[in-house]
Amino acid sequence: MIGKRIAEAKQWLEKEDVVAIPTETVYGLAGNALSAQAVSRIYAVKNRPSFNPLILHFASPAALNDLVTTIPLQAKALMEAFWPGPLTLLLPKSERVPDLTTAGNQLAAFRMPNHPVTLELLNALSFPLAAPSANPSGYISPTQANHVEEQLGQSIPYILDGGSCRMGLESTIVGWLNNEPTVFRYGALPVEEIEAITGKLALPVDHKLQAPGMLSSHYAPETRLVLDATDEEKQKHNPQDIIEMRFQNQGIGEWEKIVLSTAGNLAEAARHLFATMRELDNKNKRIIFAQTVPDVGIGKAINDRLRRASARN
Ligand code: TXA
Ligand code: MG
(Lines give C-alpha, C1' and ligand atoms only; values in the text may rest on other atoms or scores of the structure.)
(Ligands and ions follow the chains in the order given, each with its own letter.)
Protein backbone atom coordinates (compact mmCIF):
# COMPACT_ATOMS: atom_id res chain seq x y z
CA MET A 1 0.00 0.00 0.00
CA ILE A 2 1.19 3.54 -0.82
CA GLY A 3 0.60 6.15 1.87
CA LYS A 4 2.00 9.14 3.71
CA ARG A 5 1.77 7.87 7.28
CA ILE A 6 5.19 8.01 8.92
CA ALA A 7 3.73 6.35 12.04
CA GLU A 8 2.65 3.33 10.01
CA ALA A 9 6.08 2.96 8.39
CA LYS A 10 7.59 3.14 11.88
CA GLN A 11 5.33 0.35 13.15
CA TRP A 12 6.32 -2.06 10.39
CA LEU A 13 10.01 -1.26 10.86
CA GLU A 14 9.78 -1.86 14.60
CA LYS A 15 8.30 -5.28 13.82
CA GLU A 16 11.46 -6.03 11.78
CA ASP A 17 9.52 -5.84 8.51
CA VAL A 18 10.59 -3.75 5.50
CA VAL A 19 9.02 -0.64 3.92
CA ALA A 20 9.94 1.63 1.02
CA ILE A 21 11.10 5.14 1.92
CA PRO A 22 11.70 8.28 -0.15
CA THR A 23 15.10 9.98 -0.30
CA GLU A 24 16.44 12.87 -2.36
CA THR A 25 18.27 10.36 -4.61
CA VAL A 26 16.03 7.30 -5.19
CA TYR A 27 13.50 5.30 -3.15
CA GLY A 28 15.04 2.87 -0.67
CA LEU A 29 13.84 -0.52 0.59
CA ALA A 30 14.36 -0.04 4.32
CA GLY A 31 14.67 -2.28 7.35
CA ASN A 32 16.34 -2.18 10.77
CA ALA A 33 20.06 -2.28 9.88
CA LEU A 34 20.86 -3.97 13.21
CA SER A 35 18.30 -6.79 12.80
CA ALA A 36 19.36 -9.94 10.94
CA GLN A 37 15.70 -10.71 10.28
CA ALA A 38 14.95 -7.33 8.66
CA VAL A 39 18.18 -7.36 6.65
CA SER A 40 17.51 -10.89 5.36
CA ARG A 41 14.07 -9.74 4.28
CA ILE A 42 15.62 -6.88 2.26
CA TYR A 43 17.89 -9.30 0.38
CA ALA A 44 14.98 -11.66 -0.26
CA VAL A 45 12.53 -9.01 -1.52
CA LYS A 46 15.10 -7.52 -3.91
CA ASN A 47 16.48 -10.92 -4.91
CA ARG A 48 19.84 -9.30 -4.18
CA PRO A 49 23.01 -11.39 -4.16
CA SER A 50 24.15 -11.85 -0.55
CA PHE A 51 27.64 -10.50 -1.38
CA ASN A 52 26.29 -7.01 -2.11
CA PRO A 53 26.40 -4.87 1.09
CA LEU A 54 23.80 -2.29 2.19
CA ILE A 55 23.99 1.42 3.11
CA LEU A 56 23.02 2.45 6.67
CA HIS A 57 20.86 5.58 6.96
CA PHE A 58 20.34 7.80 10.04
CA ALA A 59 19.16 11.31 10.91
CA SER A 60 22.22 12.70 12.67
CA PRO A 61 26.00 12.16 12.44
CA ALA A 62 25.95 11.44 16.20
CA ALA A 63 24.28 8.12 15.34
CA LEU A 64 27.63 7.04 13.89
CA ASN A 65 29.36 7.02 17.28
CA ASP A 66 28.64 3.41 18.15
CA LEU A 67 28.50 2.14 14.57
CA VAL A 68 32.13 2.86 13.57
CA THR A 69 35.54 2.41 15.18
CA THR A 70 37.26 5.49 13.72
CA ILE A 71 36.43 8.37 11.40
CA PRO A 72 39.20 9.76 9.16
CA LEU A 73 39.59 13.56 9.37
CA GLN A 74 38.68 13.92 5.72
CA ALA A 75 35.47 11.99 6.34
CA LYS A 76 34.55 14.42 9.12
CA ALA A 77 35.09 17.34 6.78
CA LEU A 78 32.91 15.71 4.11
CA MET A 79 30.11 15.03 6.60
CA GLU A 80 30.13 18.65 7.68
CA ALA A 81 30.04 19.87 4.12
CA PHE A 82 27.52 17.47 2.58
CA TRP A 83 25.29 15.79 5.17
CA PRO A 84 22.39 15.55 5.00
CA GLY A 85 22.87 14.83 1.30
CA PRO A 86 23.73 12.41 -1.51
CA LEU A 87 27.11 11.27 -0.18
CA THR A 88 27.80 7.78 1.23
CA LEU A 89 30.99 7.18 3.22
CA LEU A 90 32.70 3.82 3.74
CA LEU A 91 34.01 3.59 7.32
CA PRO A 92 35.31 0.75 9.53
CA LYS A 93 32.29 -0.76 11.27
CA SER A 94 31.94 -1.52 14.97
CA GLU A 95 30.60 -4.84 16.27
CA ARG A 96 27.10 -3.37 16.51
CA VAL A 97 26.73 -3.56 12.73
CA PRO A 98 25.87 -7.16 11.76
CA ASP A 99 28.10 -8.86 9.17
CA LEU A 100 24.95 -9.58 7.18
CA THR A 101 24.35 -5.85 6.65
CA THR A 102 27.84 -5.33 5.19
CA ALA A 103 27.99 -8.75 3.48
CA GLY A 104 31.00 -9.59 5.61
CA ASN A 105 32.95 -6.41 4.82
CA GLN A 106 34.81 -4.67 7.64
CA LEU A 107 33.85 -1.37 6.05
CA ALA A 108 30.23 -0.29 6.22
CA ALA A 109 28.48 2.32 4.08
CA PHE A 110 26.84 5.29 5.85
CA ARG A 111 24.64 8.13 4.71
CA MET A 112 22.39 10.82 6.15
CA PRO A 113 19.71 11.33 3.49
CA ASN A 114 18.13 14.71 2.81
CA HIS A 115 14.39 14.17 2.63
CA PRO A 116 12.07 15.69 5.24
CA VAL A 117 9.75 12.67 5.45
CA THR A 118 12.55 10.15 5.91
CA LEU A 119 14.47 12.37 8.33
CA GLU A 120 11.32 12.55 10.46
CA LEU A 121 10.96 8.77 10.30
CA LEU A 122 14.62 8.19 11.20
CA ASN A 123 14.34 10.63 14.12
CA ALA A 124 11.44 8.59 15.47
CA LEU A 125 13.37 5.29 15.32
CA SER A 126 15.96 3.96 17.76
CA PHE A 127 17.98 2.18 15.04
CA PRO A 128 19.56 3.04 11.65
CA LEU A 129 17.86 1.85 8.45
CA ALA A 130 19.61 -0.35 5.92
CA ALA A 131 18.26 0.69 2.54
CA PRO A 132 19.31 -0.37 -0.94
CA SER A 133 17.42 1.14 -3.85
CA ALA A 134 13.85 -0.27 -3.90
CA ASN A 135 14.08 -2.15 -7.22
CA PRO A 136 14.56 -5.82 -8.07
CA SER A 137 18.33 -6.40 -8.16
CA GLY A 138 19.87 -5.20 -11.43
CA TYR A 139 16.85 -3.18 -12.63
CA ILE A 140 16.45 0.62 -12.83
CA SER A 141 16.16 2.41 -9.45
CA PRO A 142 12.74 3.86 -8.54
CA THR A 143 12.30 7.63 -8.29
CA GLN A 144 8.53 7.62 -7.57
CA ALA A 145 6.37 5.67 -5.12
CA ASN A 146 4.43 4.07 -8.00
CA HIS A 147 7.66 2.65 -9.48
CA VAL A 148 8.11 0.73 -6.22
CA GLU A 149 4.45 -0.31 -6.18
CA GLU A 150 4.67 -1.77 -9.70
CA GLN A 151 7.56 -4.10 -8.87
CA LEU A 152 7.61 -4.70 -5.12
CA GLY A 153 4.05 -3.77 -4.12
CA GLN A 154 3.06 -7.42 -3.55
CA SER A 155 6.08 -8.18 -1.37
CA ILE A 156 6.13 -5.29 1.11
CA PRO A 157 3.48 -3.98 3.51
CA TYR A 158 3.98 -0.22 3.01
CA ILE A 159 5.43 2.37 0.64
CA LEU A 160 5.98 5.76 2.26
CA ASP A 161 5.22 8.34 -0.42
CA GLY A 162 7.47 11.39 -0.44
CA GLY A 163 6.84 12.48 -4.02
CA SER A 164 9.31 12.37 -6.92
CA CYS A 165 12.96 12.18 -5.90
CA ARG A 166 14.60 15.58 -6.27
CA MET A 167 17.95 14.33 -7.62
CA GLY A 168 16.99 11.06 -9.28
CA LEU A 169 20.41 9.33 -9.12
CA GLU A 170 21.95 7.38 -6.24
CA SER A 171 24.45 8.86 -3.80
CA THR A 172 28.15 9.19 -4.58
CA ILE A 173 30.20 6.65 -2.59
CA VAL A 174 33.62 7.57 -1.17
CA GLY A 175 36.00 5.47 0.92
CA TRP A 176 39.68 5.40 1.86
CA LEU A 177 42.07 2.78 0.54
CA ASN A 178 45.48 3.04 2.21
CA ASN A 179 44.44 6.53 3.38
CA GLU A 180 43.76 7.57 -0.18
CA PRO A 181 40.27 8.97 -0.83
CA THR A 182 38.61 6.91 -3.56
CA VAL A 183 35.30 7.11 -5.47
CA PHE A 184 33.49 3.78 -5.33
CA ARG A 185 30.43 4.94 -7.25
CA TYR A 186 29.73 8.13 -9.18
CA GLY A 187 26.47 9.66 -8.00
CA ALA A 188 24.34 12.71 -7.34
CA LEU A 189 27.09 14.65 -5.54
CA PRO A 190 29.62 15.74 -8.20
CA VAL A 191 33.17 14.49 -7.54
CA GLU A 192 34.48 17.98 -8.27
CA GLU A 193 32.72 19.22 -5.10
CA ILE A 194 34.22 16.42 -3.03
CA GLU A 195 37.69 17.01 -4.46
CA ALA A 196 37.51 20.65 -3.37
CA ILE A 197 37.80 19.22 0.15
CA THR A 198 39.80 15.99 -0.22
CA GLY A 199 42.03 16.79 -3.17
CA LYS A 200 42.11 14.45 -6.18
CA LEU A 201 40.07 11.25 -5.67
CA ALA A 202 41.46 7.93 -6.81
CA LEU A 203 39.32 6.31 -9.51
CA PRO A 204 37.12 3.28 -8.97
CA VAL A 205 39.30 0.25 -9.30
CA ASP A 206 38.16 -3.27 -9.80
CA HIS A 207 37.80 -4.42 -6.20
CA LYS A 208 35.81 -7.60 -6.00
CA LEU A 209 34.30 -6.89 -2.61
CA GLN A 210 32.78 -3.60 -3.73
CA ALA A 211 31.58 -5.02 -7.01
CA PRO A 212 27.77 -4.89 -7.31
CA GLY A 213 26.83 -1.20 -7.88
CA MET A 214 29.94 -1.36 -10.04
CA LEU A 215 28.89 -4.53 -11.86
CA SER A 216 28.96 -3.89 -15.55
CA SER A 217 25.27 -4.69 -16.11
CA HIS A 218 23.12 -2.85 -13.59
CA TYR A 219 20.43 -0.18 -13.62
CA ALA A 220 19.32 -1.93 -16.80
CA PRO A 221 15.97 -1.99 -18.64
CA GLU A 222 14.64 -5.25 -20.12
CA THR A 223 14.82 -3.70 -23.59
CA ARG A 224 18.25 -3.64 -25.19
CA LEU A 225 19.78 -0.17 -24.70
CA VAL A 226 22.41 0.95 -27.23
CA LEU A 227 24.62 3.91 -26.41
CA ASP A 228 25.96 6.53 -28.82
CA ALA A 229 24.96 4.80 -32.05
CA THR A 230 25.52 6.74 -35.27
CA ASP A 231 22.56 8.12 -37.26
CA GLU A 232 23.36 5.53 -39.97
CA GLU A 233 23.01 2.68 -37.46
CA LYS A 234 19.64 3.97 -36.21
CA GLN A 235 18.33 4.41 -39.74
CA LYS A 236 18.90 0.72 -40.47
CA HIS A 237 15.89 -0.09 -38.25
CA ASN A 238 12.17 0.15 -38.81
CA PRO A 239 11.21 3.40 -37.00
CA GLN A 240 8.38 1.51 -35.22
CA ASP A 241 10.89 -0.81 -33.58
CA ILE A 242 13.12 1.76 -31.94
CA ILE A 243 12.86 4.66 -29.57
CA GLU A 244 15.42 7.22 -28.57
CA MET A 245 16.29 8.97 -25.31
CA ARG A 246 18.22 12.16 -26.07
CA PHE A 247 19.91 14.65 -23.79
CA GLN A 248 19.06 18.05 -25.20
CA ASN A 249 17.77 18.18 -28.79
CA GLN A 250 15.54 16.14 -31.10
CA GLY A 251 18.19 15.06 -33.60
CA ILE A 252 17.14 13.41 -36.85
CA GLY A 253 14.91 10.45 -37.75
CA GLU A 254 11.24 9.41 -37.84
CA TRP A 255 11.14 7.33 -34.70
CA GLU A 256 9.73 8.41 -31.32
CA LYS A 257 12.10 10.37 -29.07
CA ILE A 258 12.19 11.71 -25.55
CA VAL A 259 14.46 14.59 -24.56
CA LEU A 260 15.78 14.64 -20.98
CA SER A 261 16.42 18.38 -20.74
CA THR A 262 15.61 20.80 -23.57
CA ALA A 263 17.56 23.45 -21.62
CA GLY A 264 20.61 21.15 -21.64
CA ASN A 265 20.67 21.10 -17.84
CA LEU A 266 22.46 18.05 -16.39
CA ALA A 267 20.66 18.15 -13.02
CA GLU A 268 17.30 18.11 -14.83
CA ALA A 269 18.48 15.24 -17.04
CA ALA A 270 19.58 13.28 -13.94
CA ARG A 271 16.20 13.85 -12.27
CA HIS A 272 14.35 12.46 -15.32
CA LEU A 273 16.76 9.70 -16.33
CA PHE A 274 15.44 6.65 -14.47
CA ALA A 275 11.73 7.51 -14.83
CA THR A 276 12.29 7.99 -18.57
CA MET A 277 14.18 4.70 -18.91
CA ARG A 278 11.25 2.91 -17.24
CA GLU A 279 8.73 4.62 -19.50
CA LEU A 280 10.69 3.65 -22.61
CA ASP A 281 11.17 0.09 -21.35
CA ASN A 282 7.40 -0.26 -20.92
CA LYS A 283 6.85 0.51 -24.63
CA ASN A 284 8.35 -2.88 -25.53
CA LYS A 285 10.40 -1.65 -28.48
CA ARG A 286 13.30 -3.69 -29.85
CA ILE A 287 15.97 -1.15 -29.04
CA ILE A 288 16.31 2.00 -26.91
CA PHE A 289 18.97 4.31 -28.33
CA ALA A 290 20.56 6.70 -25.85
CA GLN A 291 23.41 9.17 -25.86
CA THR A 292 26.03 10.07 -23.30
CA VAL A 293 26.01 13.60 -21.86
CA PRO A 294 28.89 16.04 -21.16
CA ASP A 295 31.21 14.23 -18.72
CA VAL A 296 31.30 16.88 -15.98
CA GLY A 297 29.60 17.21 -12.58
CA ILE A 298 26.53 14.98 -12.28
CA GLY A 299 27.05 14.17 -15.98
CA LYS A 300 29.72 11.64 -14.89
CA ALA A 301 27.08 9.74 -12.89
CA ILE A 302 24.55 9.90 -15.75
CA ASN A 303 27.14 8.45 -18.14
CA ASP A 304 28.08 5.77 -15.61
CA ARG A 305 24.43 4.62 -15.33
CA LEU A 306 23.95 4.71 -19.11
CA ARG A 307 27.04 2.53 -19.64
CA ARG A 308 25.84 -0.02 -17.11
CA ALA A 309 22.32 0.05 -18.58
CA SER A 310 23.80 -0.75 -21.99
CA ALA A 311 26.08 -3.56 -20.76
CA ARG A 312 24.93 -7.16 -21.10
CA ASN A 313 26.49 -9.69 -18.76
O1 TXA B 1 21.30 7.02 -2.95
C2 TXA B 1 21.53 5.91 -2.49
O3 TXA B 1 22.67 5.56 -2.15
C4 TXA B 1 20.36 4.93 -2.36
C5 TXA B 1 19.38 5.52 -1.33
C6 TXA B 1 18.22 4.59 -1.05
O7 TXA B 1 20.07 5.86 -0.16
N8 TXA B 1 20.80 3.64 -1.99
C9 TXA B 1 21.46 2.82 -2.85
O10 TXA B 1 21.74 1.55 -2.33
O11 TXA B 1 21.77 3.15 -3.99
P12 TXA B 1 22.17 0.32 -3.25
O13 TXA B 1 22.22 -0.82 -2.30
O14 TXA B 1 21.26 0.20 -4.40
O15 TXA B 1 23.61 0.67 -3.68
C16 TXA B 1 24.61 0.69 -2.69
C17 TXA B 1 25.96 0.48 -3.27
C18 TXA B 1 26.12 -0.93 -3.81
O19 TXA B 1 26.76 -0.84 -5.07
C20 TXA B 1 27.04 -1.58 -2.80
O21 TXA B 1 27.85 -2.54 -3.39
C22 TXA B 1 27.82 -0.41 -2.25
O23 TXA B 1 26.89 0.63 -2.22
N24 TXA B 1 28.24 -0.66 -0.88
C25 TXA B 1 27.48 -0.76 0.23
N26 TXA B 1 28.21 -1.08 1.30
C27 TXA B 1 29.47 -1.18 0.89
C28 TXA B 1 30.69 -1.52 1.51
N29 TXA B 1 30.74 -1.81 2.80
N30 TXA B 1 31.82 -1.53 0.77
C31 TXA B 1 31.74 -1.25 -0.55
N32 TXA B 1 30.62 -0.94 -1.22
C33 TXA B 1 29.50 -0.91 -0.51
MG1 MG C 1 20.72 -0.14 -6.28
accessible surface per residue for the range 20-170, probe 1.4 Å, DNA/RNA/ligands not counted, whole Å² -> 35
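Going down the list Lys4/Lys93; Lys257/Lys283; Lys236/Lys285; Lys200/Lys300; Lys46/Lys257; Lys10/Lys46, which pairs span over 23 Å between their C-alpha atoms?
Working: Lys4/Lys93 33 Å; Lys257/Lys283 12 Å; Lys236/Lys285 15 Å; Lys200/Lys300 15 Å; Lys46/Lys257 31 Å; Lys10/Lys46 20 Å.
Checking Cα-Cα distances, Lys4/Lys93; Lys46/Lys257 exceed 23 Å.
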Ordering 231-240, 157-166 by per-residue average of other C-beta atoms within 10 angstrom, highest first, gives 157-166, 231-240
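With a cut-off of 8 Å between alpha carbons and a minimum separation of six or more residues, what is the relative contact order of the chain in percent? It would help to have the intermediate numbers written out before the result.
Numbers: 677 pairs, mean separation 62.5, N = 313.
Relative contact order of the chain: 20 percent.
Find the Cα radius of gyration of the range 101-250, compare it with 2.2 N^0.38 Å by division, and give the number to two decimals. Before the final figure, lay out each step's value.
Details: Rg = 18.8 Å, N = 150, 2.2 N^0.38 = 14.8 Å.
Ratio of Cα Rg to 2.2 N^0.38 Å: 1.28.
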Rounded to the nearest 10 degrees, the helix 266-281 long axis (Cα) sits at an angle to the longest Cα principal axis of the chain of 70
With every protein chain kept in place and a 1.4 Å probe, the residues Glu120, Glu80 fall, from largest accessible area down, as Glu80, Glu120
Once Lys and Arg are counted +1 and Asp and Glu -1 for all other residues with Cβ under 13 Å from that of Arg307, the total becomes +2
Between the modelled labels at Asn47 and Glu193 (7 Å from Cα along Cα→Cβ) the distance in nm is 3.5
Using alpha carbon centers only, the range 114-189 is separated from the range 1-49 by a whole-angstrom value of 10
Nearest 10, in degrees from 0 to 90: the angle of helix 73-82 to the longest Cα principal axis of the chain is 60
Expressed in nanometres to one decimal, the distance between label points 7 Å along Cα→Cβ at Glu150 and Glu14 is 3.5
With a Förster distance of 35 angstrom and the Cβ-Cβ distance between Ala263 and Gln240, calculated FRET efficiency to the nearest 0.05 equals 0.70
Taking only the alpha-carbon atoms of the range 12-76, the convex hull volume per residue, in cubic angstrom, is 129
Residues meeting the amide H criterion for Val226 (H placed from the backbone, H to H distance under 5 Å, 5 or more places apart or on another chain) are Ile288, Phe289, Ala290
So Glu279 and Glu120, fully extended at 0.36 nm per residue minus their Cα-Cα distance, gain in nm 54.1 nm
The extension gain from Leu177 to Leu73, computed as 0.36 nm times the residue separation minus the Cα-Cα distance, is 36.0 nm
Expressed to one decimal in nm², the mean projection of the alpha carbon convex hull of the chain is 15.3
HN-Hα couplings for the range 252-263 via Karplus (6.51, -1.76, 1.60; θ = phi - 60°), in whole Hz with x for Gly/Pro, come out as 9, x, 8, 6, 5, 9, 10, 9, 6, 7, 4, 7
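The values are calculated or read from the model by the stated rules, or taken from the named source; none is laboratory data. Everything quoted here is computed from the prediction, not taken from an experiment. Every residue, glycine as well, gets a Cβ built from its backbone with ideal geometry; the counts of neighbours run over all protein chains shown. Each accessible area value is taken on the protein alone, full model and side chains, heavy atoms only, with ligands, DNA and RNA left out. Shrake-Rupley method; radii C 1.70, N 1.55, O 1.52, S 1.80 Å.
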